[in-house]
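Below: one structure, written as structure tokens.
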Ligand SMILES: [Zn+2]
């Protein structure tokens, strides 16, 4: 049966990286944050929705044929359209309501699997802080998002960003096994793949390696206690490699 994998995470937590790793397989297609081309809410989304993908798709082609065809099928039809060519679609839109709608549209056609990726709340806060997009309440949003996602899809595979970048091969292999999707040797070397990924932080393709930045450990942010507790729960549930 055809499959869709929904990636759940808050911003700045490695969802694009995970999408590339899971999608680096000829049977799989990495969609990126595809919801935004169907539900545009920023200027660069609208530009893509009008057919110019030069800033939206990782292929950088203005008239990307893949997404031009998907746009014609609409948000309720493009999964089925892509399933004619690929067995597995990996969606990192992250929006819970979008995933709920896709689950409805594809009922009886495809099977949904879910995976969550997370960082420490202080690490995510540091990313917002660096982009001058900082609010004190942000760790509350972290708590709410992961709680809601895991309430809805309680059997989600849980992956720590730090484990993914420290043991990419082991984590990729194990995640694919748990998601019941194909894994091929060296799939984690995502920089060798070719993609049509929408709106993700595709500059990671230039890195050609995995690296860890531990500077968040020096931060002194006030973190909502619920977020810290949730991080602890994610740590307990995460995929472990021996
Ligand atoms: Zn493209």
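Structure notes:
- Per-residue packing, averaged as other Cβ atoms within 10 Å, sorts the ranges 99-106, 7-14 into the order 7-14, 99-106, beginning with the highest.
- Computing FRET efficiency as 1/(1 + (r/R0)^6) for residue 132 and residue 68, where r is the C-beta to C-beta distance and R0 is 30 Å, gives about 0.30.
- Helix 96-105 vs. the chain, principal-axis angle (Cα, 0 to 90°, nearest 10): 30
- Estimated [θ] at 222 nm from DSSP helical runs (n ≥ 4, -39500 (n - 2.57)) normalised by residues in the chain, nearest 500: -12000 deg cm²/dmol
- Cα-based radius of gyration of the chain once divided by 2.2 N^0.38 Å, which approximates compact folds: 0.98
- Linear extension gain, residue 11 paired with residue 80, 0.36 nm per residue minus alpha-carbon span: 22.1 nm
- Rounded tilt (10° steps) of 168-179 against the dominant C-alpha axis of the chain: 70
- With the simple model of a label 7 Å out from the Cα in the direction of the Cβ, residue 241 to residue 212 spans 1.2 nm.
- Listed peptides 16-27, 164-175 appear in the order 16-27, 164-175 once ranked by packing, highest mean of other Cβ atoms within 10 Å at the front.
- Alpha carbon convex hull of the stretch 21-145, projected area averaged over orientations, nm²: 8.8
- Between helix 225-237 and the chain: long-axis angle, C-alpha atoms, 0 to 90°, nearest 10: 70
Only the coordinates and a few stated rules stand behind these numbers; no lab work does. Everything numeric here is computed off the predicted structure, so don't read it as measured data. Don't worry about glycine lacking a Cβ; one is built from the backbone with ideal geometry, like all the others, and counts go over all protein chains shown.
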